[in-house]
């Protein structure tokens, strides 16, 4: 007869820390669309039944999260207020990205923050255009949009890269694997 193994104090602590991390992640992700609550979102409710059948939209594997981070931040920093969510949803759908993360990235440029972010991106884009000697446009409106697009693309890729590397590092630590930076940059 085999006796049941008793759990050591270290095992209990490890399991408790693991559950704390899971609860913290769930609390952070609570306002984002989930498989169970997608029917409550204004536009997404039309696609709720179809979205539930696509498991990659809800997957937190490194591939789906990386795609969602890059697409999400590039789309959120482009001057597309009003249609960002639709473009992000279509991008997640077609490129098999994580839907909660790509939608969460869109919340960065909401009505309260876009008045601060877009002028900063425009100034950053203007500096990049001058630095690299890119062609300027004739109209001041088109030049402003051009500056925001250039600044948004560079800022979106930069922010997404930083968050992607952070996620990969945390994912590797959670899997108790050694972190191999060369391998992280190859993916």
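The values are calculated or read from the model by the stated rules, or taken from the named source; none is laboratory data. Just so it is clear, the model here is predicted, and its values are computed rather than measured. Cβ coordinates were reconstructed from backbone atoms using ideal geometry, including for glycine residues, and neighbour counts include every protein chain displayed.
Only one entry of 77, 47 meets the criterion of being surrounded by 15 or more Cβ atoms within 10 Å (Cβ to Cβ) and modelled with pLDDT under 90, and that entry is 47. A residue that is in contact (Cβ under 8 Å) with a residue 60 or more places away in the chain, touching a helix residue (DSSP H, G or I) at 6+ places or on another chain (Cβ under 6 Å) and outside any helix (DSSP H, G or I) occurs somewhere in segment 75-95.
Given the condition surrounded by fewer than 18 Cβ atoms within 10 Å (Cβ to Cβ), free of Cβ contacts under 8 Å to residues at least 40 places away in the same chain and within 23 Å of residue 169 (Cβ to Cβ), answer yes or no: does some residue in segment 101-116 qualify? Scanning segment 101-116, I find at least one residue that is surrounded by fewer than 18 Cβ atoms within 10 Å (Cβ to Cβ), free of Cβ contacts under 8 Å to residues at least 40 places away in the same chain and within 23 Å of residue 169 (Cβ to Cβ), so the answer is yes. For segment 116-135, which positions are within 9 Å of residue 148 (Cβ to Cβ) and either touching a strand residue (DSSP E or B) at 6+ places or on another chain (Cβ under 6 Å) or in a loop (DSSP other than H, G, I, E, B) (or both)? Correct list: empty. Filtering 57, 71 for residues that are assigned to a helix (DSSP H, G or I), buried (at least 17 other Cβ atoms within 10 Å of the Cβ), under 15 Å from the mean Cα position of the chain (by Cα) and modelled with pLDDT of 95 or more leaves a single hit, 71. Here is the figure for segment 10-37: residues that are at pLDDT below 75, part of a helix (DSSP H, G or I) and farther than 19 Å from residue 176 by Cβ total 1.
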